[in-house]
Amino acid sequence: MDTMITKRMVPVGSQFLNDVLAGLQAETKFLSSKYFYDEKGDQIFQQIMEMKEYYLTDSEMEILQEQSAKLATLISLDGDAFDLIELGAGDATKSIHLLKALLQAQLNFTYLPIDISAHVIADLEENLPKKLPDLQIEGLNGDYFKMLEKAKAMSNRRKVVLFMGANIGNMDLAEAENFCRDLREELSPNDLLIIGFDLKKNPQQILAAYNDPTGITRSFNLNLLNRINGELDGDFNISNFDHYASYDPETGACKSYLISLNDQRVNIGDETIHFNKNEHIYMEISQKYSLEDIDALASKTGFTPMHRFFDRQEYFVDAVWKV
Ligand code: AVI
């Protein structure tokens, strides 16, 4: 009875269900890391960002804390009004430093955070004006490109787009190229893109960030199986899977997998998936870039590199590209 109720709760043809089944029925199994972020996944990601091994957050935070005034000068160009559009704004803990610097420089801009989570946007609209009373904010809840279209329809002011947090790294190189090209299509001459990349560095350091000894990243990956159990009527036995992370210094691809620890069957709704012992599910890529890779990506997709902001250790870069 319970099962029937749960099954009816899964909308037939839901995108999540379709993507999960397509991934697990493929010859080489995969799941999309975009589904990591349910409420529990958000909490675990918060813990990841606090881990000492996960240097990315501190590095980008240092850039914004220490170099936002310079970034604001660069953004202001000829001083005309603009829209600052942030893709995947989250709680804006990093971008708040830039917002402060832009306000301090008395620039005329509206902050348009875009996020797929309505909850995130509502929080930003409620809390940011308490911290920055002069801020003009217009939150946009939805898909990046649909919301960009909406932002363009709202005003014809110059656009400055922020895409930080190394989120571009969660796309493989071909996807990143398509994404940047699509973004370029939405922008006009003199618009800017500020985009965060995690840099290629000592492979041990990169691997440690995605394979922490406390197992936080492991639970981040396994949580997607829990999510499938809860939302798609799955019966994964989580203890039958382990987390494996790899980094290839030649390509810069840091990948994570879940490994089936034995031969097993898993039901998801009416479908049954077979796993062989040691079979892997490809979960996520966190692509690392060299400066040459970044410039090549810019020029292949119609942008001109304008400036780079590094943290002191040069682990991370926020690149400023001009259309
Ligand atoms: C959100 N994204 C940039 C993170 C990253 O570093 O690829 C997600 C993550 N996965 C494991 N740890 C962190």
Cβ contacts < 8 Å: first residue free of Cβ contacts under 8 Å to residues at least 40 places away in the same chain, restricted to segment 304-323; second residue in a strand (DSSP E or B) and crowded, with 18+ Cβ neighbours inside 10 Å, any location; separation 6+ or different chain. Result? T304/W321; P305/A319; P305/V320; P305/W321; R308/V317; R308/D318; R308/A319; R308/V320
Checked pairs for segment 113-127, first part of a helix (DSSP H, G or I), second at pLDDT 95 or above and not aliphatic (A, V, I, L, M), C-beta under 6 Å and 6 or more apart or across chains, list as I121/G139; L124/P113; L124/G139; E125/G139
Hey, can you tell me all the residues within segment 18-36 that are under 20 Å from Q287 (Cβ atoms) and out of contact with any helix residue (DSSP H, G or I) (no Cβ under 7 Å at 6 or more places or on another chain)? G23, T28, K34
When you scan segment 149-169, do you find a residue that is in contact (Cβ under 8 Å) with a residue 40 or more places away in the chain, away from the ligand (no atom under 12 Å from the Cβ), surrounded by fewer than 17 Cβ atoms within 10 Å (Cβ to Cβ) and under 18 Å from the mean Cα position of the chain (by Cα), even just one? no
Selected residue (only one of E175, E186 is of a type outside the set (A, V, I, L, M) and touching a residue at least 40 places away in the same chain (Cβ under 8 Å)): E186
Just name the residue that is surrounded by the fewest Cβ atoms within 10 Å (Cβ to Cβ) out of those in segment 26-61 that are within 15 Å of the ligand (Cβ to nearest atom) and hydroxyl-bearing (S, T, Y). S32
Determine which member of the set L64, L71 is over 18 Å from the mean Cα position of the chain (by Cα), in a helix (DSSP H, G or I) and surrounded by 20 or more Cβ atoms within 10 Å (Cβ to Cβ). L71
Give the residues of segment 187-206 that are touching a Leu at 6+ places or on another chain (Cβ under 6 Å) and either at pLDDT below 95 or more than 28 Å from S68 (Cβ to Cβ) (or both), sorted by residue number. none
Within segment 204-225, restricting to residues that are more than 11 Å from the ligand (Cβ to nearest atom), assigned to a helix (DSSP H, G or I) and free of Cβ contacts under 8 Å to residues at least 40 places away in the same chain, the one that is surrounded by the fewest Cβ atoms within 10 Å (Cβ to Cβ) is Q204
Based on what the data block shows, is L192 buried (at least 17 other Cβ atoms within 10 Å of the Cβ) and within 13 Å of the ligand (Cβ to nearest atom)? no
Positions within segment 93-108 being out of contact with any strand residue (DSSP E or B) (no Cβ under 8 Å at 6 or more places or on another chain) and not in a helix (DSSP H, G or I), in sequence order: T93, K94, A105, Q106
Restricted to segment 268-298, and to residues that are within 22 Å of the chain's Cα centre (by Cα) and hydroxyl-bearing (S, T, Y), which residue is surrounded by the fewest Cβ atoms within 10 Å (Cβ to Cβ)? S290
Consider only pairs whose beta carbons are under 6 Å apart and that are at least six residues apart or on different chains; among these, list those whose first residue lies in segment 28-43 and is charged (D, E, K, R) and whose second residue is not in a helix (DSSP H, G or I). K29/I281
Being within 16 Å of the ligand (Cβ to nearest atom) and either hydrophobic (A, V, I, L, M, F, W, C) or at positive phi (or both) is the filter here, so list the residues in segment 254-290 that pass it. C254, L258, I281, M283, I285
Just to verify a result, which residue in segment 27-61, among those that are in a loop (DSSP other than H, G, I, E, B) and among the hydrophobic types (A, V, I, L, M, F, W, C), is farthest from R308 (Cα to Cα)? L31
One residue is enough: does segment 226-241 have a residue meeting the conditions within 15 Å of the ligand (Cβ to nearest atom) and assigned to a strand (DSSP E or B)? no
Hey, among K100, K40, K52, which residue is closer than 29 Å to K288 by Cα and at pLDDT 95 or above? K52
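The values are calculated or read from the model by the stated rules, or taken from the named source; none is laboratory data. Treat the numbers as computed from the prediction; the structure is a model and nothing was measured. Here Cβ is always computed from backbone atoms with ideal geometry, including for glycine, and neighbour counts include all displayed protein chains.
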